[in-house]
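> Below is one structure. I have some questions about it.
The values are calculated or read from the model by the stated rules, or taken from the named source; none is laboratory data. Because the structure is a prediction, the values reported are computed rather than measured. Virtual Cβ from ideal backbone geometry, glycine too; neighbours counted across all protein chains shown.
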């Protein structure tokens, strides 16, 4: 039987030739050209199917190439933008070196541009590692309250800059300490909130809700972010998780980023065995719902130090007033609520007159007709020295600690506050009443000795200056071998802390630490050693711990984190 046949190039999909009147056995015969092209004989129906498959693959390849070209174009622009700011502002700072205000302004802009550049680089590296199957998640204990506080501290300045109406809503959270990867979970939330800010116009509305579903062996946490921004078309919604995709709109003048954020978010959530759902309508905003199941630790509430204590709470926000009632009434804690500083001073004066003095004051997040909380703290600590002052705030404690301490506020509970974290925080405040917890943002380490191990001259100079501000004595080594020699030849107990780079010539940081821990002397076992390195992925942190290190500080150095580590050596 004869029929028409075609010879098809399987690589290009091109029909090489047609003919008729051939033996049917020839249809199934395969031929390969010497150039590596494979030809297939087939009938018209089979030909249509093969051509359709080839066409689809060709279109997929072309779309992938176009996406990569767009990505490279975007990356070239997006990387050059902050780099231009860094280079330009550095030049301006040098030109106006004697003008303090101009230099400070330039440095602030360099800091912002550097953070943006780092986020671009992190996105690209994250996507590369995910695609290579090398993205490992840590499994460590963390506080949900601390995680949300840190996240909102990062995102609030952007919302304030665009004058967004932001609502943060919390369900009745019972599980507060969880096991998982807090850095990656924060990355997910920051990315979602960043998108809401980015695609919501000036004065728009954004809400962020957190609640838990009934815990079993895991606690399913649900995060819901909703905005009234530009929204997305149905067609874009279908490809929102594709790499390199970014919403474009005439109402948004400039969209920064790699277009990798949502793709990374989805892969991270899937790695956590969670789910993400996106609902959106063009011109009407977007709603993103994330559900992540996490293992949890049951925390015991400690209230022994609160027994017999009377608290005065200054809080003008009605929602927070209800929160204090709900949390403290359950544990029969004696307290009085007032809405302003003037009411607080009147209540304190009246209580002293009646010999029913308060023992502590919670300075809340909102107060009526009140200016500076630090001025209020200073007045209260001088006029009523018996009081234990506790600040409950959305501020970053590292940024305000020095001013707070100088005004008699030595205890801090971050917002959002949950039942157990509030009670345990108050209990700890009264246990340590009279003690100053961390006198300032920069600790005084006079009499302490630190070994700084860093092969890069500029990085070594930066770290040396930062450590020098603590009054500690700082020794330096340029590689692991030199660090090992200095430690081994020095007297026992010479160093209180070693800050160890990882990638160094002669001997790397991991090897150096293993050799130090293996030395036959007591201080080799107990000296604190922290990795201070650009190796910043979860597996790098684990490798540092496996080598015998006590912690990890990623580069570029987060000064607040460094100072937080150093404060434990005061």
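> From 148, 154, grab the single residue that is farther than 30 Å from residue 546 by Cα and under 14 Å from the mean Cα position of the chain (by Cα). Steps first, answer last, please.
Values: 148 fails: farther than 30 Å from residue 546 by Cα.
Just a single option satisfies the conditions, and that option is 154.
> Just to be sure I understand, how many residues within region 96-112 are farther than 25 Å from residue 184 by Cβ and surrounded by 12 or more Cβ atoms within 10 Å (Cβ to Cβ)?
Applying the first criterion (farther than 25 Å from residue 184 by Cβ) to region 96-112 yields 96-110.
From what's left, surrounded by 12 or more Cβ atoms within 10 Å (Cβ to Cβ): 96, 99, 102-103, 105-107, 109-110.
Result for region 96-112: 9.
> Restricting attention to region 58-82, report how many residues are modelled with pLDDT of 80 or more and either surrounded by 13 or more Cβ atoms within 10 Å (Cβ to Cβ) or in contact with a strand residue (DSSP E or B) (Cβ under 7 Å, 6 or more places away or on another chain) (or both).
Of the residues in region 58-82, 1 are modelled with pLDDT of 80 or more and either surrounded by 13 or more Cβ atoms within 10 Å (Cβ to Cβ) or in contact with a strand residue (DSSP E or B) (Cβ under 7 Å, 6 or more places away or on another chain) (or both).
> Then there's this: I'd like to know if region 179-193 contains one or more residues that are farther than 29 Å from residue 63 by Cβ and in a strand (DSSP E or B).
yes
> While we're on this one: Give the residue that is surrounded by the fewest Cβ atoms within 10 Å (Cβ to Cβ), with candidates limited to residues of region 518-538 that are touching a strand residue (DSSP E or B) at 6+ places or on another chain (Cβ under 8 Å) and within 24 Å of residue 445 (Cβ to Cβ).
Once the filter is applied, the top-ranked residue is 528.
> Could you tell me which of the residues 365, 355 is under 34 Å from the mean Cα position of the chain (by Cα) and part of a loop (DSSP other than H, G, I, E, B)?
Numbers: 355 fails: under 34 Å from the mean Cα position of the chain (by Cα).
Only one candidate passes the filter, namely 365.
> For region 313-338, enumerate the residues that are surrounded by 13 or more Cβ atoms within 10 Å (Cβ to Cβ) and more than 34 Å from the chain's Cα centre (by Cα).
333, 334, 335, 336, 337, 338
> So, one more: Does region 286-310 hold any residues that are assigned to a loop (DSSP other than H, G, I, E, B) and out of contact with any helix residue (DSSP H, G or I) (no Cβ under 9 Å at 6 or more places or on another chain), and which are they? Spell out the reasoning first.
First pass over region 286-310, keeping only residues assigned to a loop (DSSP other than H, G, I, E, B): 298-303, 307-309.
Once the filter is applied, which keeps residues that are assigned to a loop (DSSP other than H, G, I, E, B) and out of contact with any helix residue (DSSP H, G or I) (no Cβ under 9 Å at 6 or more places or on another chain), region 286-310 yields 298, 307, 308.
> In this structure, is residue 529 assigned to a loop (DSSP other than H, G, I, E, B) and closer than 16 Å to residue 548 by Cα? Lay out the reasoning, then the answer.
On the way: assigned to a loop (DSSP other than H, G, I, E, B): no; closer than 16 Å to residue 548 by Cα: yes.
It is false that residue 529 is assigned to a loop (DSSP other than H, G, I, E, B) and closer than 16 Å to residue 548 by Cα.
> Kindly check whether there is at least one residue in region 487-501 that is buried (at least 17 other Cβ atoms within 10 Å of the Cβ) and over 21 Å from residue 462 (Cα atoms).
The first filter runs over region 487-501 and keeps only residues buried (at least 17 other Cβ atoms within 10 Å of the Cβ), leaving 487, 495-501.
Cutting the leftovers down to over 21 Å from residue 462 (Cα atoms) gives us 487.
Looking through region 487-501, at least one residue is buried (at least 17 other Cβ atoms within 10 Å of the Cβ) and over 21 Å from residue 462 (Cα atoms).
> Confirm whether residue 416 is touching a strand residue (DSSP E or B) at 6+ places or on another chain (Cβ under 8 Å) and not in a strand (DSSP E or B). Spell out how you get there, then give the answer.
Numbers: touching a strand residue (DSSP E or B) at 6+ places or on another chain (Cβ under 8 Å): yes; not in a strand (DSSP E or B): yes.
Judged against the criteria, residue 416 is a match.
> Give the residue, chosen from 493, 548, that is free of Cβ contacts under 8 Å to residues at least 60 places away in the same chain, at positive phi and touching a strand residue (DSSP E or B) at 6+ places or on another chain (Cβ under 8 Å).
Values: 493 fails: touching a strand residue (DSSP E or B) at 6+ places or on another chain (Cβ under 8 Å).
Unique residue meeting the criteria: 548.
> Name every residue in region 554-570 that is in a helix (DSSP H, G or I), touching a residue at least 24 places away in the same chain (Cβ under 8 Å) and either touching a strand residue (DSSP E or B) at 6+ places or on another chain (Cβ under 8 Å) or buried (at least 16 other Cβ atoms within 10 Å of the Cβ) (or both), in order of residue number. Don't jump to the end; show me each part of the working.
Initially, region 554-570 is screened for residues in a helix (DSSP H, G or I), giving 559-567.
Okay, now just the ones that are also touching a residue at least 24 places away in the same chain (Cβ under 8 Å), so 559-560, 562-567.
Listed by number, the residues that qualify are 562, 563, 564, 565, 566, 567.
> Within the bounds of region 88-109, is there any residue that is closer than 19 Å to residue 155 by Cα and assigned to a helix (DSSP H, G or I)?
Of region 88-109, the ones closer than 19 Å to residue 155 by Cα are 108-109.
When the remaining residues are screened for being assigned to a helix (DSSP H, G or I), the result is 108-109.
Yes, region 88-109 has at least one match.
> Right, another one. Out of (1) crowded, with 18+ Cβ neighbours inside 10 Å; (2) over 13 Å from residue 313 (Cβ atoms); (3) under 32 Å from the mean Cα position of the chain (by Cα); (4) without any contact (Cβ under 8 Å) to a residue 40 or more places away in the chain, the odd one out for residue 415 is which?
If we test residue 415 against (1) crowded, with 18+ Cβ neighbours inside 10 Å; (2) over 13 Å from residue 313 (Cβ atoms); (3) under 32 Å from the mean Cα position of the chain (by Cα); (4) without any contact (Cβ under 8 Å) to a residue 40 or more places away in the chain, just (4) comes out false.
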